[in-house]
Amino acid sequence: MDTQRLPVERFAAADKPAKWIGKRIRNLTKPTKVKEALSGTWLGHPVHPLLTDVSIGTWTSAVLLDWLGGDDAEPGADRLVLAGLAASAPTIAAGWNDWADAEPASDAVRRVGLVHAAFNATGVALMASSLAARAAGDRGRGRLLALVGIGAVTGGGWLGGHLTYAKAVGVDQTVFERYPEDWTPALADAALGEAESRKVELNGVDILLARWHGEVYALANTCVHRGGPLDEGELNDGCVTCPWHQSTFRLSDGQLERGPGPYPQPSLETRIKDGSIEVRVPP
């Protein structure tokens, strides 16, 4: 039994609208500088979790000031609610971008992510209503709306944690793979032609072998971004592009040429010995 499975993960009725929404988000962003910005390619880490801390932190502080700070704390609480609302826009955009890239791998991520977004949207709406009530002089109503709002955001945060820690959204998909530390035969040299790539399995781990301009390169075959199979991608200009979300990595060292992936691809050393391509982890 999967103890990490939530009831919402069985909610198949959400799939049709979720797929429709996800497809349109991917069409809007595609591999562009905007998508790289939302994915955290520039940061070397997904940017959405970092942004969530701003809204959650400011709203939590506002609620504490509301209930514990007294009359003198009211202006500060109001400004904190406003700051959290300002930060919510890029946070929402980054979250929708990450969620849309769950395709084509996971029904669970699709379903939980949609509910996660609903909780957070409710929280944002309540915080906006709280700010409006404060501006109208109805501070008691504003305080209550903010309290309920932070509750909704907390529920959304719990689901976000489930997506990260139980479903590995945003996690380097190769982090638990173990590659040969000693020179290990992987493929006959004659079996790999120029500008060709092949997937080989070594000790249960898939490795991508590719020959470009006469040199043989080896990378983890599992894309670090969402686990796509690099052997099904295209080779071009000394790089390989993942077929799922078009993250592009240099064959020579696995460095990222284009996002949305925020991490480099694990790279292995290669050599030709006795007609065989051998690979190992760099010492």
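The values are calculated or read from the model by the stated rules, or taken from the named source; none is laboratory data. Note that the structure is predicted; figures quoted are calculated from it, not measured. No Cβ is skipped: glycine too gets one built from the backbone with ideal geometry, and neighbour counts run over all protein chains shown. These area figures cover heavy atoms from the full protein model, side chains too; ligands, DNA and RNA do not enter into them. Shrake-Rupley method; radii C 1.70, N 1.55, O 1.52, S 1.80 Å.
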Evaluate the charge dipole of the stretch 43-140 about its Cα centre and quote only its size in Debye, nearest 20, assuming +1 on the Cβ of each Lys and Arg and -1 on the Cβ of each Asp and Glu. 140 debye
Using alpha-carbon positions, the gyration tensor of the stretch 189-283 gives root eigenvalues a ≥ b ≥ c; with a/c under 1.5 called rounded, otherwise prolate if a/b exceeds b/c, else oblate, the class is prolate
Please check: in the Gaussian network model of the chain (C-alpha springs, under 10 Å), which one of Tyr217, Tyr165, Tyr263 has the largest mean-square fluctuation. Tyr165
Considering the options Ala102, Leu159, Tyr179, tell which one lies farthest towards the positive end of the dipole of the chain, charges being +1 on Lys and Arg and -1 on Asp and Glu at the Cβ, about the Cα centre. Leu159
At 1.4 Å probe size, with no ligands or nucleic acids counted, give the accessible surface of Ile272 in Å², nearest ten. 90 Å²
Sticking with the crude label model, points 7 Å out along Cα→Cβ, report the distance from Ala118 to Lys16 in nm, one decimal please. 1.6 nm
Rg to Rh quotient for the stretch 1-82, alpha carbon positions, Kirkwood Rh: 1.16
I need the calculated FRET efficiency for the pair Lys30 and Val281, taking r as the beta carbon distance and R₀ as 35 Å, to the nearest 0.05. 0.55
Taking R0 as 22 Å, what's the FRET efficiency between Trp158 and Val54 from their Cβ-Cβ distance, rounded to 0.05? 0.75
Too long for a 31 Å Cα-Cα cut-off, among Lys16/Lys199; Lys199/Lys273; Lys30/Lys273, are Lys16/Lys199; Lys30/Lys273
How much of the accessible area of the stretch 1-146, probe 1.4 Å, is carbon plus sulfur, in whole percent? 66 percent
Two-decimal log10 I(q)/I(0) for the chain, as the Debye equation yields it once each C-alpha is a single scatterer, q = 0.06, 0.07, 0.12 Å⁻¹: -0.27, -0.35, -0.81
Carbon + sulfur, % of accessible area of the stretch 211-283 - ligands and nucleic acids excluded, 1.4 Å: 41 percent
Every cysteine in the chain with no other Cys Cβ under 4.7 Å from its Cβ, please list them in numeric order. Cys239
Could you give the dipole magnitude of the stretch 154-199 about its Cα centre, charging the beta-carbon of Lys and Arg +1 and that of Asp and Glu -1, in debye to the nearest 20? 380 debye
Over the stretch 76-180, give the accessible area per residue in Å² for a 1.4 Å probe, as an integer. 43 Å²
When N counts the residues of the stretch 120-172, how does its alpha-carbon radius of gyration compare numerically with 2.2 N^0.38 Å, as a ratio? 1.46
What distance in nm lies between label points placed 7 Å from Cα along the C-beta direction at Glu257 and Asp182? 3.5 nm
To the nearest 10 square angstrom, what accessible area does Asp274 show with a 1.4 Å probe? 150 Å²
Taking 8 Å as the Cα distance limit and 6 or more residues as the minimum spacing, I'd like the relative contact order of the chain as a percentage. 18 percent
